[in-house]
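Down below is the structure, laid out as structure tokens.
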Amino acid sequence: MWSYNGIRIIATEKDGDDNQIIASLNPLGGGTINQVFGYEDETVRISCVVVGDVDLDALRALYKTGLAYTLSGSEGIEGTYLLQKLSHRRKPIWRQTLRNDLSPYSPVYMCELELLEE
């Protein structure tokens, strides 16, 4: 079971982007000149299932704080990340069986978390 700031999520996919900051100059005399200015920290995307309105509301509250929170996965602590973007959509599921501690009629959401390394 995964969690972000202690909020339970069921991760289905994890991917990321690594970007270098490069300016390209194209002088009239020909040839492109590339200037490297450094790199951006990794952007991590987690596709996950969230069960229940309480956990979804808790996730939605995190993007307004400007604080970084711990992402824990199946192998332990993944790191500390800022929540840059949260996308969510409710699935038309009649009865959930993912979380036995919640009502079987709790809503189920498919979510995308876009996280920036602190």
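Read the figures in this text as sums done on the coordinates, not as results from a lab. Since the model is a prediction, treat every value here as computed from it, not as a measurement. Every residue, glycine among them, receives a Cβ derived from its backbone with ideal geometry; neighbour counts consider all protein chains shown.
From Cα coordinates alone, what are the radius of gyration and Dmax values for the range 2-117 in angstrom?
So, for the range 2-117, Rg and Dmax equal 19.1, 70 Å respectively.
Pick out which of Ile22, Ile46, Ile93 has the largest mean-square fluctuation in a Gaussian network model of the chain, springs linking Cα atoms closer than 10 Å.
Ile22
Quick one: dipole size for the chain, taken about the Cα centre, charges +1 on Lys/Arg Cβ and -1 on Asp/Glu Cβ, in debye to the nearest 20.
Details: 11 positive and 17 negative charges, 142 e Å.
It works out to roughly 680 debye.
What FRET efficiency comes out for Glu112 versus Ile22 if R0 is 25 angstrom and r is the Cβ-Cβ distance? Round to the nearest 0.05. Provide the component values of the computation, followed by the final result.
Working: r = 27 Å, r/R0 = 1.10.
Efficiency at R0 = 25 Å is approximately 0.35.
Given contacts defined as C-alpha pairs under 8 Å and at least six residues apart, what's the relative contact order of the chain, whole-number percent? Present the calculation step by step, with values, prior to reporting the outcome.
Values: 242 pairs, mean separation 33.5, N = 118.
This gives 28 percent for the chain.
First select every other residue whose beta carbon is under 14 angstrom from the beta carbon of Ser72; then total the charges, Lys and Arg +1, Asp and Glu -1. Present the calculation step by step, with values, prior to reporting the outcome.
Values: positive: Arg8, Lys14; negative: Glu75, Glu78.
Counting the neighbours of Ser72, the net charge comes to 0.
Could you list Tyr105, Tyr69 in order of exposure, starting from the residue whose Cβ has the fewest other Cβ atoms within 10 Å? Numbers along the way, then the final one.
Working: Tyr105 9, Tyr69 19.
Neighbour counts put them in this order, fewest first: Tyr105, Tyr69.
Looking at Tyr81, Leu98, Ser47, which one has the Cα that reaches farthest to the positive end of the dipole of the chain (charges on Cβ: Lys, Arg +1; Asp, Glu -1)?
Leu98
Read phi for every residue in the range 68-76 and hand back ³J(HN,Hα) as whole Hz from Karplus 6.51 cos²θ - 1.76 cosθ + 1.60, θ = phi - 60°, with x for Gly and Pro.
Values, residue by residue: 9, 10, 7, 9, 10, x, 5, 9, x Hz.
Return one number: the angle in degrees, 0 to 90 and rounded to the nearest 10, between the long axis of the Cα atoms of helix 53-62 and the longest principal axis of the Cα atoms of the chain.
It works out to around 30 degrees.
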